[in-house]
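Peer 1: Below you will find the structure I want to go over with you.
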Amino acid sequence: MVDVSSGTIEVRWHGRGGQGAKSASAILAEVLFEEGKHVQAFPEYGAERQGAPIRAYNRISSRPIRRRCGVRNPDVVVVVDPTMIESANPSEGCREDAVYLVNTAEDTGALRSRLGVSLSATVLAVDATGISMEELGQNRPNAPLLGALSLVFGEVPAAAFADHFAKKMKSLPSKALEANRRAIMRGSEEAVYA
């Protein structure tokens, strides 16, 4: 869906503290780095407290990246918390053909309208909160969203995200690692286009 070989791809994440946007942006960068890409991942937030709005950013390229500023015109927007659609204006600065990945169980037609994006934009929806509640027993939507990102970065399968997560979080109990693996795979399988 996005072609990293054509230039630098910029990703902007909108979420709240404690939902894993910062961790997910780091994992995205690490997985794509393992695929031979040049990457950046960095957060932006005010008060460090659970529930506070945050943004995280990625840059991915087949060439070295020289820019060091925040992402103003993203190619991909990940909305970790659907309440951020109204409060954070996730389409701000986006190109007409941007890709939006949203954590929601909402009807996809209504979602496109709520985002206020053109028909040339790609909108993906996945009930990452529902999946994480079923698999993990808590609202940690970052794992299913990583799986859904495998549809955006088609050259990297969801299993690569699951394997990397297991390596990075190897101190977790095996039951928790397996639950996260299932959540990542379900994110890829259950994402729908609007």
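The values are calculated or read from the model by the stated rules, or taken from the named source; none is laboratory data. It should be emphasised that the depicted structure is a prediction, and the values quoted were computed from it without experimental measurement. Note that each Cβ is placed from the backbone with ideal geometry, even for glycine, and that neighbours are counted across all protein chains shown.
Peer 1: I'd like the full set of residues that are of a type in the set (S, T, N, Q), modelled with pLDDT of 90 or more and over 13 Å from the mean Cα position of the chain (by Cα), limited to region 41-86.
Peer 2: Answer for region 41-86, where residues must be of a type in the set (S, T, N, Q), modelled with pLDDT of 90 or more and over 13 Å from the mean Cα position of the chain (by Cα): S61, S62, N73, T83.
Peer 1: For the condition free of Cβ contacts under 8 Å to residues at least 60 places away in the same chain, assigned to a loop (DSSP other than H, G, I, E, B) and on the phi < 0 side of the Ramachandran plot, what is the one hit in R59, R63?
Peer 2: On inspection, the qualifying residue turns out to be R63.
Peer 1: Related question: Would you check if there is a residue in region 9-17 being at pLDDT below 95, of a type outside the set (V, I, T), in contact with a strand residue (DSSP E or B) (Cβ under 7 Å, 6 or more places away or on another chain) and exposed (fewer than 12 other Cβ atoms within 10 Å of the Cβ)?
Peer 2: no
Peer 1: Mind checking which residues of region 87-121 are touching a Phe, Trp or Tyr at 6+ places or on another chain (Cβ under 7 Å), in a loop (DSSP other than H, G, I, E, B) and either over 18 Å from L149 (Cα atoms) or among the charged types (D, E, K, R) (or both)?
Peer 2: V117
Peer 1: When you go through S118, S132 one by one, which is the residue that is of a type in the set (G, A, S) and at pLDDT 95 or above?
Peer 2: Result: S132 is the single residue among S118, S132 that is of a type in the set (G, A, S) and at pLDDT 95 or above.
Peer 1: Mind checking which residues of region 146-183 are out of contact with any helix residue (DSSP H, G or I) (no Cβ under 8 Å at 6 or more places or on another chain) and not in a helix (DSSP H, G or I)?
Peer 2: Listed by number, the residues that qualify are G154, S171, P173.
Peer 1: Here is a follow-up. Can you find even one residue in region 33-48 that is assigned to a strand (DSSP E or B), touching a Cys at 6+ places or on another chain (Cβ under 9 Å) and surrounded by 21 or more Cβ atoms within 10 Å (Cβ to Cβ)?
Peer 2: Looking through region 33-48, none of the residues is assigned to a strand (DSSP E or B), touching a Cys at 6+ places or on another chain (Cβ under 9 Å) and surrounded by 21 or more Cβ atoms within 10 Å (Cβ to Cβ).
Peer 1: Separate question: Within the set of pairs 6 or more residues apart or between chains, which connect a residue that is of a type in the set (D, E) inside region 79-100 to a residue that is not in a loop (DSSP other than H, G, I, E, B) with Cβ atoms less than 6 Å apart?
Peer 2: Every condition considered, the pairs that remain are D81/G15; D81/R16.
Listed here are the residues, each with its yes/no results for (1) without any contact (Cβ under 8 Å) to a residue 24 or more places away in the chain; (2) crowded, with 16+ Cβ neighbours inside 10 Å.
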| residue | (1), (2) |
| --- | --- |
| A121 | no, yes |
| G130 | no, yes |
| V152 | no, yes |
| V156 | no, yes |
| A160 | no, yes |
| M169 | yes, no |
| P173 | yes, no |
| R181 | yes, yes |
| V192 | no, no |
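Peer 1: Of all the residues that make up region 1-44, how many are under 17 Å from T129 (Cβ atoms), among the aliphatic types (A, V, I, L, M) and without any contact (Cβ under 8 Å) to a residue 60 or more places away in the chain?
Peer 2: Of the residues in that region, 0 qualify.
Peer 1: Against the conditions (1) out of contact with any strand residue (DSSP E or B) (no Cβ under 9 Å at 6 or more places or on another chain); (2) crowded, with 22+ Cβ neighbours inside 10 Å, where does G147 fall short? Just the number, please.
Peer 2: (1)
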